[in-house]
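Structure record follows, encoded as structure tokens.
Values quoted throughout were computed directly from the atomic coordinates according to the rules given, and no laboratory measurement underlies them. Fair warning: this is a prediction, and the values are worked out from it, not measured in the lab. Cβ coordinates were reconstructed from backbone atoms using ideal geometry, including for glycine residues, and neighbour counts include every protein chain displayed.
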Amino acid sequence: MAVSIRIECSLCFKRYLSGRQQAFALTRMVAHMEWALEDRPRVDDLVEYETRVNYMWPRYKDAVICVYDLAKFGGHIVMDMIRTHPMVLIGGIIQENPFFQPPDEFLEELRERRATRLN
């Protein structure tokens, strides 16, 4: 896992804990994902980050919304992002995501993609 992914996951969890330490029952987070475009990480790094966050959030009842500006991210990235989220908000309606893949399964696919590219 890339260092930047570890840092972002750690920051995300620290933000969550900060709310708990201040005695808030729930934390609502809206993550604007344009941060990922600043350093221009490999697409797989962003997808891996989104996938790994799914190990953390199911343990809590807090609301987290990842916001993607569709004009700034390519279609293949958006499709992978959709596959990392168990729920999606499309057209103002939140719904179960029929394209969601559990983190272990999706991380395996990412490993296979990287191996294919390296060969």
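A few comments on the model shown:
- The stretch 104-119 residues that are closer than 22 Å to residue 86 by Cα and in contact (Cβ under 8 Å) with a residue 12 or more places away in the chain, paired with ones that are among the polar types (S, T, N, Q) and surrounded by 13 or more Cβ atoms within 10 Å (Cβ to Cβ) (beta carbon under 6 Å, 6 or more apart): 106/51; 107/51
- When residue 54 is tested against (1) over 26 Å from residue 17 (Cα atoms); (2) buried (at least 17 other Cβ atoms within 10 Å of the Cβ); (3) touching a Pro at 6+ places or on another chain (Cβ under 9 Å), exactly one condition is not met: (1).
- Being in contact (Cβ under 8 Å) with a residue 24 or more places away in the chain, exposed (fewer than 13 other Cβ atoms within 10 Å of the Cβ) and either more than 29 Å from residue 18 (Cα to Cα) or touching an Asp or Glu at 6+ places or on another chain (Cβ under 9 Å) (or both) is a property that holds for residue 72.
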